[in-house]
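The values are calculated or read from the model by the stated rules, or taken from the named source; none is laboratory data. Since we're looking at a predicted model, the values are computed, not measured. Neighbour counts are summed over all protein chains in view; Cβ atoms, including those assigned to glycine, are modelled from backbone coordinates with ideal geometry. To get the accessible areas, we keep the full protein, side chains included, count just its heavy atoms, and leave off ligands, DNA and RNA. Shrake-Rupley method; radii C 1.70, N 1.55, O 1.52, S 1.80 Å.
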Amino acid sequence: MSAVGFDFGNDNCVVAVARQTDIEIVLNDESECETPSIVSFGVRQRYIGTAGAAASLSNPTNTISQIKRLLGRRFSDPELQHDLKSLPFLVTKGPDGYPLIQVQYMGETTTFTPTQVLGMLLFNLKSIAEKSLNAPIADCCIGIPVYFTDPQRRAVIDAATIAGLSPLRLLHETTATALLYGIHKADLTETEQLNIVFVDIGHTSMQVCVAAFKKGELKILAHSFDRCLGGRDFDEVLFQHFAARFKDKYKIDVFGSAMACLRLRAACETLKKVLSANPEAPLNIEGLMDGKDVKGFIKREEFEKIIIPILDRLKQPLKKALDEAGLTIEDIHSVEFVGSGARVPAIIKILTDFFGKEPHCTINASECVAKGCAMQCAILSPRFMVREFQVNESFPFNIAMSWNINVSDTENGVMDDQNSTIVYPIGNPIPSVKAMTFYRYGRLTLDVLYADVMKLSGPAKISTYMIGPIPSTNGERVKLKVKVRLNIHGIVSVETAKVVDQDETGKTRKTSVHITEVLYGGLAAIDLQKAVEKEFAMALQDRAMEETKGRNNDVESNVYETQDKPAMTPTPTDKALDTDDIVQPRQDSSPQASRPTTQRLLPRAIFSITEDSDTEEPDLSFMDVPISCKNPLEQTFPCEADVASAKSMLRLFLDLRLLDLGESQRAAMLSALSVLQSSPGFSQSPAGRVLETLPAVLSDSQAATASCLELSAKLYKFRSERSRRDDLLAKKTALSSEVSQLSKDYHAEEEQVKKLKDEIVRRKEKMTSMLKRGESMQATIAQVGGEARCLGEQLASQKGSYQTWIASLQVAEHAQSACYTRWEELRRVSL
Ligand SMILES: Nc1ncnc2c1ncn2[C@@H]1O[C@H](COP(=O)(O)OP(=O)(O)OP(=O)(O)O)[C@@H](O)[C@H]1O
Ligand SMILES: [Mg+2]
């Protein structure tokens, strides 16, 4: 169970872990809480942190510092170009327009991206934390400057991936400080708001934040910053001052020597620190240039005069923060300063004058960011129970979105001329999700960009999203909903695009539309994977070299122990084997007499077998032992030629590094050793005694290689399982959002079903009544039918009489017409 916070500074890094009851700073191998942010590349391995800092003067061109300045910036960035002028290593323009750091590593010219170098630093910090926890890191948070842009934030995430970390949050450094301050402040109330200003001055930058505290809650009201104002500016002023002085006084131009510049800059930084606590300070550098020793001296008053232009710049971010927070100086309860750069007394004076009250340093200036991050991690981690404390973060930039206008935007021939909007304004809470609605067909191209270019030194455009094809029938515009997320790290992205319409039944239907993302800067997924593998291989190499060093020390101390035992009486053979320039013959058999010689020679000899120095060549001179001797048993010993060839073979193998040897080479080495050991007196000679340890060293080395391989396999397995886990988590998230959508749909359908049920009940009732009516009608029909039948039957029974009636009628009609005929005849007769 672990929650870890990392503060990676330009100058120093700090690691903190959340333990059972509180947050603690983790000490590195040198028992320091600050680890230099430096990676030095050697011939056989890398040196990171304190070991890297030690190499900055001896191997400056391959020692990388100030990585935070290079991260996520284009090579053409004016600020980056300015920074490069004072850096001793080579940085070139990569094919993507981003910087590439060029170093000599393992005997080859190699390039690394700043992201990879940050990955190395984080890997080292991770190891420091894991050593302290004695367990792998589960959760972590990483502090970042508030002015980090989208590509810089993405680069930190990539670097964390390279280091095998997946941060729960990238937290603004000043917010981490405010969180640590607030969670420990016992006198906060639920009603009264306490406004506190935090000022962080680090090595290269200044950050200000105005935070409002209430009980259990922190709200960031405003952020402001100056990316190029920090402790190094004071160093630079001192450097320019002394460079000019020394030109007059000693006639040396330090600008003509990169090494002299480096040494003078380092001395000026020390001088600045001394001046923070003393009214005056000396500067002495031996052999700075042209073999001349230089001496200088400065009083604090003079220092404060020459730094006035820098001090004046401090007020700007302070004013801006107050303006953005909508507060006046009277509204500020207190001012807290952090960051080691703020230790310069003149800075404290400026802060005091500006706010009309003395700033405090309640929390540890160099530990607060790491501790705040560890605290945030514990709050976010499900593994910890932390007192309720809400962090309401605010976003420091204006983020806009612009889109392409095409024919589909015209309605009745009128073009809608709006094609951009601010999606996330300054002060927007982090995280946040917003939805944008478009009426479109075909495709939509959305650009995410910074609206306020003045705040940046890089390009405004962050990313482009191509959305489409948008499904629509007959080229009709459809309603497209685009979800834009500002995630917990302060990174903006378009998350989903859905066409919203209605299906045949009138139900709302959402159809996902394909999105293609183009990021301007950052590592492509495949390059990131390669970087992860490369870091892994380099870390293995470093570890193998460190283990070899450990074994060397063991062997060396064994040899010392052997030497401390009483020496055996020298034999004639000993004498014959010792030579003047390698091993002095023992004149005396007492341990005291023999020790000076062996102590001088044996450590060098052992060192030469497995030493890992980048520069020294192995000293194999102890192998030059004369083998011809006058021994009565000469004929049973190996012949001179065999011994010579065994020696040369051993020398050859010893020239190779133990860890590089294969099985057959080890066997050959052991057989060469056995040939030598069977030569007369060799085993008693110092060389022979040294080589006695060879089989053990070889088998240790084999075991180490095997364990490295095993570890490597385990780590690969772990990584692939982790990526599988991540995939599963991503799938889980996708599924749960689908489930929530389904549940919404289900509720909508349930509503629909309810309505339908009501309708069914209504219709059932209607049907029942109709049925009843039908039944009664049927009954009526049956009755009418019965009557009709009856009538039919009656009629049928009367059928005979009916015919009789017809016949009678015909007879009657016939008689009637005969009457008429006779009547007519009669009428005619009377006329
Ligand atoms: N006693 C001191 N007096 C004056 N300056 C000091 C003192 N101690 C350290 N500094 C300066 O503080 C700076 C480093 O501060 P800090 O460790 O806070 O920076 P960082 O966090 O590594 O860098 P950043 O915050 O810019 O990323 C250096 O410039 C260093 O010279
Ligand atoms: Mg810092």
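Put simply, of Glu765, Glu759 the only residue that is more than 60 Å from the chain's Cα centre (by Cα) and either modelled with pLDDT under 75 or of a type in the set (D, E, K, R) (or both) is Glu765. When region 431-449 is examined, which residues are found to be of a type outside the set (Gly, Ala, Ser) and farther than 16 Å from Tyr465 by Cβ? Passing the criteria: Pro431, Tyr439, Tyr441.
Just wondering, is there one or more residues in region 101-113 that are assigned by TED's automatic domain parsing to the domain that holds Val369 and assigned to a helix (DSSP H, G or I)? Among the residues of region 101-113, not one is assigned by TED's automatic domain parsing to the domain that holds Val369 and assigned to a helix (DSSP H, G or I), which makes the answer no. Residues that are at pLDDT 90 or above and buried (at least 17 other Cβ atoms within 10 Å of the Cβ) within region 445-475 comprise Leu446, Asp447, Val448, Leu449, Tyr450, Ile462, Ser463, Thr464, Tyr465, Ile467, listed in sequence order.
Residue by residue, here is whether (1) among the hydroxyl-bearing types (Ser, Thr, Tyr); (2) within 16 Å of ligand 2 (Cβ to nearest atom); (3) in contact (Cβ under 8 Å) with a residue 60 or more places away in the chain; (4) more than 30 Å from Asp226 (Cα to Cα) holds:
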site	(1), (2), (3), (4)
Val254	no, no, no, no
Met259	no, no, yes, no
Pro282	no, no, no, yes
Glu286	no, no, no, yes
Met289	no, no, no, yes
Phe297	no, no, no, yes
Ile307	no, no, yes, no
Leu311	no, no, no, no
Gln316	no, no, yes, no
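Glu32 passes every criterion in (1) within 15 Å of ligand 1 (Cβ to nearest atom); (2) touching a strand residue (DSSP E or B) at 6+ places or on another chain (Cβ under 6 Å) apart from (2). Filtering region 509-544 to residues that are open to solvent by 80 Å² or more (accessible area, probe 1.4 Å), in a helix (DSSP H, G or I) and not charged (D, E, K, R) leaves Ala525, Ile526, Gln529.
Filtering region 222-244 to residues that are over 17 Å from Val344 (Cα atoms) and either crowded, with 21+ Cβ neighbours inside 10 Å or acidic (Asp, Glu) (or both) leaves Ala222, His223, Ser224, Phe225, Asp226, Phe242. I need the full set of residues from region 330-353 which are among the hydroxyl-bearing types (Ser, Thr, Tyr) and within 13 Å of ligand 2 (Cβ to nearest atom), in order please. Of everything in region 330-353, just one residue is among the hydroxyl-bearing types (Ser, Thr, Tyr) and within 13 Å of ligand 2 (Cβ to nearest atom), namely Ser340. Restricting Ala135, Ala163, Ala176 to residues that are touching a Leu at 6+ places or on another chain (Cβ under 7 Å), among the small types (Gly, Ala, Ser) and in contact (Cβ under 8 Å) with a residue 40 or more places away in the chain narrows the list to Ala163. Tallying residues that are open to solvent by less than 10 Å² (accessible area, probe 1.4 Å) and either outside any strand (DSSP E or B) or within 16 Å of ligand 2 (Cβ to nearest atom) (or both) within region 11-27 yields 5.
Tallying residues that are away from ligand 2 (no atom under 16 Å from the Cβ) and either outside the structural domain of Gln66 (by TED's automatic domain parsing) or closer than 22 Å to Cys361 by Cβ (or both) within region 184-223 yields 22. Tallying residues that are open to solvent by 30 Å² or more (accessible area, probe 1.4 Å) and at pLDDT 95 or above within region 172-192 yields 0.
Kindly evaluate Ser366 against the criterion of being assigned to a loop (DSSP other than H, G, I, E, B), surrounded by fewer than 22 Cβ atoms within 10 Å (Cβ to Cβ), in contact with a Ser or Thr (Cβ under 6 Å, 6 or more places away or on another chain) and not hydrophobic (A, V, I, L, M, F, W, C). When the stated conditions are applied, Ser366 passes them. Considering region 348-363, and only residues there that are within 14 Å of ligand 1 (Cβ to nearest atom) and not in a helix (DSSP H, G or I), the residue that is most open to solvent (accessible area, probe 1.4 Å) turns out to be Cys361. Applying the condition of being within 16 Å of ligand 2 (Cβ to nearest atom) and among the hydrophobic types (A, V, I, L, M, F, W, C) to region 28-47 and asking which residue is farthest from Arg543 (Cα to Cα) yields Cys33. Checking each residue in region 184-209 for being more than 16 Å from ligand 1 (Cβ to nearest atom), hydrophobic (A, V, I, L, M, F, W, C) and touching a residue at least 12 places away in the same chain (Cβ under 8 Å) picks out Leu188, Leu194, Ile196, Val197.
Within region 676-700, count every residue that is part of a helix (DSSP H, G or I) and either at pLDDT below 70 or open to solvent by 40 Å² or more (accessible area, probe 1.4 Å) (or both).
Number satisfying all stated conditions: 6.
In region 334-347, the residues that are outside the structural domain of Ile308 (by TED's automatic domain parsing) and farther than 14 Å from Gly202 by Cα form no Cβ pair under 7 Å with any partner that is open to solvent by less than 10 Å² (accessible area, probe 1.4 Å) and of a type in the set (Gly, Ala, Ser), whether six or more places apart or across chains.
On the stretch given as region 34-89, residues that are closer than 17 Å to Leu125 by Cα and in a loop (DSSP other than H, G, I, E, B) total 6.
Table: residues versus (1) in a loop (DSSP other than H, G, I, E, B); (2) open to solvent by 20 Å² or more (accessible area, probe 1.4 Å).
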{"position": "Leu118", "(1), (2)": "no, no"}
{"position": "Ser127", "(1), (2)": "no, yes"}
{"position": "Ser132", "(1), (2)": "no, yes"}
{"position": "Ala135", "(1), (2)": "yes, yes"}
{"position": "Pro151", "(1), (2)": "no, yes"}
{"position": "Thr161", "(1), (2)": "no, yes"}
{"position": "Gly164", "(1), (2)": "yes, no"}
{"position": "Leu170", "(1), (2)": "no, no"}
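Within region 210-230, being in a loop (DSSP other than H, G, I, E, B) and within 16 Å of ligand 1 (Cβ to nearest atom) holds for Arg227, Cys228, Leu229, Gly230. With respect to the stated conditions, Ile48 is crowded, with 19+ Cβ neighbours inside 10 Å and touching a Leu at 6+ places or on another chain (Cβ under 8 Å).
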